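A short reminder: the numbers here are calculations on the coordinates, not readings from a lab. Remember, predicted model here, so these are calculated numbers, not experimental data. Because the Cβ atoms are built from the backbone with ideal geometry, glycine has one as well, and the counts that use them run over all protein chains shown.
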Amino acid sequence: MADVQMPRLSDSMETGKILRWLKKEGEDVKKGDPLVEIESDKANIEVEAYASGKLSKIVVAEGESAPIGAVIAQIGDGASTPSTPNAAPQGQAPAAAEAPKAQASAPVAQGDQAVAATAQVAADAGGEQYPHGGPDDRTEVGAAAQAALNVIRRPTEQEDGERQRVSPVARRLAEEQGVDLSRIQGTGPGGRITKEDVESAAQRPAAPTPTLPRERGREIERQPTARPTGEVEVVELTKLQSTVAMRLVQSKFSAPHFYVTSEIAMDDAVRLRQMFNEAVDKPESISINDLIVKAVALALTKFPEINASWADGHIERKPDINIGIAVGLADRLIVPVLRNTDQKSLKEISTESKQLIERARTNKAAAQDYVGNTFTISNLGMYDVDQFTAIINPPDSAILAVGSIEDKAVVKDGLVVPGKRMRVTLSVDHRVFYGVTAAEFLQEVKRLLQSPMALVL
Amino acid sequence: MAVLAMRDALNQALREEMNRDKSVFLLGEDIGLYDGSFKVTRGLLKEFGEKRVLDTPIAEEIIIGTAIGAAMSGLRPVAEMMTVNFIMVAMDQVVNAAAHIRYMFGGGTKVPLVIRTPGGGGHQLGAQHSHSHENWFAHVPGLKVVAPGTPADAKGLLKSAIRDDNPVMFIENEGTYALKGEVPDGEHLVPLDKNEVKRPGEQITICAHSRMLIVAMDAAAELEKEGISAEVVDMRALRPLDMTPVIASVKKTSRLITVEEGWRSYGVGSEIASRVYEEAFDYLDAPVARIGAAEVPAPYNKRLEKIAFPGKADVIVTARALLGKN
């Protein structure tokens, strides 16, 4: 028993209409005999029998239509009773080898294309059935989308701490809503910060962030946050955090540190800054930190033994004075470096460090922003800190930890008067230089800050 | 409003315009006695006679050249290139003559010409017969290029194209002639320079034209089942390229996929992506994803061909990836 199915007579055909049966039910047919005339969407085509036997049943009568693959007749050996035929489901066309051979064929779409029946697809919101050439039944992604996917899925090439991936809309939103991108972990492909990341960050209370060198009085408010419940929360380090941890251990446990603290009268420096800032536009305004950076750089010109490194049993004195400025962000500590600091004017130092810090904050810094330091300044002045000691930032031989400027009662010419005082602590690698040098250096820094006109010259 | 197959919607447009305007005539290979290779011109020879439905020799350059001359002389020819693959031998006529003549004569003559031609692959017809060239034409000032994806648009755009005083490349697709849809009866005009949202959505924009519009619509329907809301913009107007709905959509969704049946490089998607970078850069949340045919001459091998041309799965997987859901 063989089923005769509605053949696919053109690539765009969906249904065919039986025009004329050329054999009657019960008549013998030989393979190759003309069997039925079918009207496709393009032409009327005579279809041959592809099996021999008795035409035991005509299922689709003349004048009726049937979809491709539907059983239209049965050819039996004459012995068995024809079973009740079921129309083949849509999309199940006769396989190429079994397909009846069309005598005529369209000039472009050859009859036997071995493509399955035209797929019925819901093509618009109205649910209309839209058939089109060939079934779109591939479920795996093809070569057609691979190039696009390669772009979307390209892993982040930069290391942590370098340029952060931020989508344009996320960057714009963050700016509009004042969201600090550096405290967001991107969830997009390759860790890109997406619009959604910024939107959800905007919902959260701002975390205590940048320990930017600013003046005292910064309001810090830490919201109570949910503690881990039950189990200990394990926080994995970013690559940058691991690096920082390793280097700090290396520094603290290989360089024998000693510390020298000095209190500096900052009255004139504060007044100078005030005067300077009154004279310039806001973007050009300078900070106390800029004054300290300048003072340290100038002092270092007189102390080449401090602008040096311990290296495998000898000391290397550096030709350039490059001051690193420690910037603490929510989840990382970075030290952008101001090159040839001693040769820069106060204004240049100010502008450049603003740019460096902003680049660091927004993850736009380049790798070279972080290398080449010969001396580092860590300033917690804006956090109401009396004084602290810092760990030397390799390969430096010293680091200056800067506390807040405080209004104090000070004794001047036998009288108690109000004064502005700031405590700085120098951490020293004892292998590179000694206590007296440290004290002399601090005196020079102090002299420059207490008579600050030299800083603007 | 009747439900018509694409080929019948096109046939209706031709018949209506030929009845409306005696200067409209058809020429092309096998369009008369044989009713057209894809049966778009079925019955028109019988109805309008040999003077208005011309069977031509297999000589594409002559077909286009004749049509240009007729157009310059006051007629409104609709030339059929049996498939877009064959137009390559007539490109000098299309670009140097049809597209440029009006400009070179300082507006002294016009070329109200329509060239209808189907492109598209996926039918195992080999590299030479599987092209999609709409980007070639859309590159050329002086041509208008449209590529409908629904029967209603096919009718409305063809009628507008015939009435336009400039040469219009009317790109059809072999895979959509049987595509059925509701088509407005009688006077139904679709402007040649307006693209439109065919399916509204919120999270991702998919741009597509011609058969890829159907692929995009199918993909959007599947994506909806996964909870991804995709907006589909029909790019039927390729030159002039109407970016208005795309820009508006990208400003809403921030993510864009372009789908075309031709190759990706220098393709329709490349142009759309550039315009989006120019006009909506600050709204993007991810790079624009361009889907197009694999960068190889179309394979004949069925399985290779299947992965070389874009399908629904490509759009779906790309959409998920863009949304970080892969």
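In debye, nearest 20, what is the charge dipole magnitude of the protein assembly as shown about its Cα centre with +1 on Lys and Arg Cβ and -1 on Asp and Glu Cβ, if you could check?
Values: 90 positive and 107 negative charges, 339 e Å.
My answer is approximately 1620 debye.
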Measuring from the lowest to the highest alpha carbon on each principal axis, how far does segment B:2-183 reach, largest first, in angstroms?
44, 38, 29
Taking 21 Å as the cut-off for C-alpha to C-alpha distance, list the pairs among A:Lys42/B:Lys306; A:Lys195/B:Lys325; A:Lys294/A:Lys408 that go past it.
A:Lys42/B:Lys306; A:Lys294/A:Lys408
Among all the lysines, which ones have a C-alpha under 29 Å from B:Lys110's C-alpha, if same-chain residues fewer than 8 places away are not counted?
B:Lys22, B:Lys51, B:Lys144, B:Lys155, B:Lys159, B:Lys194
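Just from its helices, what would the mean residue ellipticity at 222 nm be for the protein assembly as shown, if runs of 4 or more DSSP H residues each count -39500 (n - 2.57) and the sum is divided by every residue, rounded to the nearest 500 deg cm²/dmol?
Working: 20 runs with 220 residues, N = 783.
Estimated from H runs of four or more residues: -8500 deg cm²/dmol.
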Please turn the phi angles of segment B:224-232 into ³J(HN,Hα) values with the Karplus equation 6.51 cos²θ - 1.76 cosθ + 1.60 (θ = phi - 60°), one per residue in order, whole Hz, x for glycine and proline.
4, 5, 8, x, 9, 9, 10, 9, 10
All lysines inside 17 Å of A:Lys30 as judged from Cα atoms, apart from same-chain residues fewer than 8 positions distant
A:Lys54, A:Lys57, A:Lys101
From the backbone phi of segment A:357-374, what are the Karplus-calculated ³J(HN,Hα) couplings (6.51 cos²θ - 1.76 cosθ + 1.60, θ = phi - 60°) in whole Hz, Gly and Pro given as x?
5, 5, 4, 5, 4, 9, 6, 9, 5, 8, 4, 6, 5, 10, 10, x, 5, 10
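Give me A:Ile68, A:Ile58 sorted ascending by neighbouring Cβ count inside 10 Å, so fewest comes first.
On the way: A:Ile68 24, A:Ile58 18.
Going from least to most buried by this count: A:Ile58, A:Ile68.
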Per the 1/(1 + (r/R0)^6) rule, R0 = 30 Å and r from the Cβ atoms of B:Asp165 and A:Ala43, FRET efficiency to 0.05 is 0.20
If unit charges are put on Cβ atoms (+1 for Lys and Arg, -1 for Asp and Glu) and the dipole of segment B:150-257 is taken about its Cα centre, the option from B:Pro151, B:Gly201, B:Pro184 lying farthest towards the positive end turns out to be B:Gly201
Burial ordering of B:Thr258, B:Thr56, A:Thr238, fewest other beta-carbon atoms within 10 Å first
A:Thr238, B:Thr56, B:Thr258
Given H placed 1.01 Å from N in the peptide plane, which residues other than close sequence neighbours of A:Arg431 have an amide H under 5 Å from its amide H?
none
Using amide H atoms built in the peptide plane, which far-off residues or other-chain residues are under 5 Å from B:Asp164 H to H?
none
Between A:Ser451 and A:Glu176, what is the label-point separation in nm under the 7 Å Cα-to-beta-carbon projection?
5.5 nm
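So what is the diffusion coefficient of segment B:225-326 in µm² per second by Stokes-Einstein at 10 °C and 1.306 mPa s, using a Kirkwood Rh over Cα pairs?
On the way: Rh = 14.5 Å.
It comes out at roughly 109 µm²/s.
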Search the structure for amide H atoms under 5 Å from the amide H of A:Ile405, placed 1.01 Å from N in the peptide plane, and list their residues when 5 or more places away or on another chain.
A:Arg216
Here FRET efficiency (C-beta to C-beta, A:Leu415 to A:Val385, R₀ 25 Å, nearest 0.05) is 0.30
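Counting other Cβ atoms within 10 Å, which trypsin sites (Lys or Arg not before Pro) in segment B:1-40 have at most 16 and lie in a DSSP loop?
B:Lys22
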With B:Gly269 itself left out, Lys, Arg at +1 and Asp, Glu at -1 over residues whose Cβ is under 10 Å from its Cβ give 0
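Write down, largest first, the equivalent ellipsoid semi-axes of the protein assembly as shown in whole Å, where each equals the square root of 5 times an eigenvalue of the alpha-carbon gyration tensor. Walk me through the intermediate numbers first.
On the way: eigenvalues 1221, 186, 84 Å².
Over the Cα atoms of the protein assembly as shown, the ellipsoid semi-axes are 78, 30, 21 Å.
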Hey, if you drop one equal point scatterer on each alpha-carbon of segment A:239-456 and run the Debye formula without solvent, what base-10 log of I(q)/I(0) do you get at q = 0.12 Å⁻¹?
-0.62
Could you give the length gained by full extension between A:Glu199 and A:Lys408, i.e. 0.36 nm per residue of separation minus their alpha carbon distance, to one decimal place?
70.8 nm
Tell me the label-point distance for the pair A:Tyr259, B:Ala59, using the 7 Å Cα-to-Cβ offset, in nm and rounded to one decimal.
9.9 nm
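Which whole number gives the average, over all residues in A:181-188, of C-beta atoms from other chains lying within 10 Å of the residue C-beta?
Partner Cβ neighbours, averaged per residue: 1.
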Where a Cα-Cα gap under 17 Å defines reach, which aspartates and glutamates qualify for A:Lys347, not counting those fewer than 8 residues away within the same chain?
A:Glu278, A:Asp281, A:Glu284, A:Asp290, A:Glu358
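Is there a simple number for the mean count of other chain Cβ atoms within 10 Å of the Cβ of residues in B:254-261, and what is it?
3
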Three-way shape label, chain B, alpha-carbon gyration tensor, a/c 1.5
prolate
Report the charge-dipole magnitude of segment A:239-456 in Debye, nearest 20, computed about the Cα centre from +1 at each Lys and Arg Cβ and -1 at each Asp and Glu Cβ.
300 debye
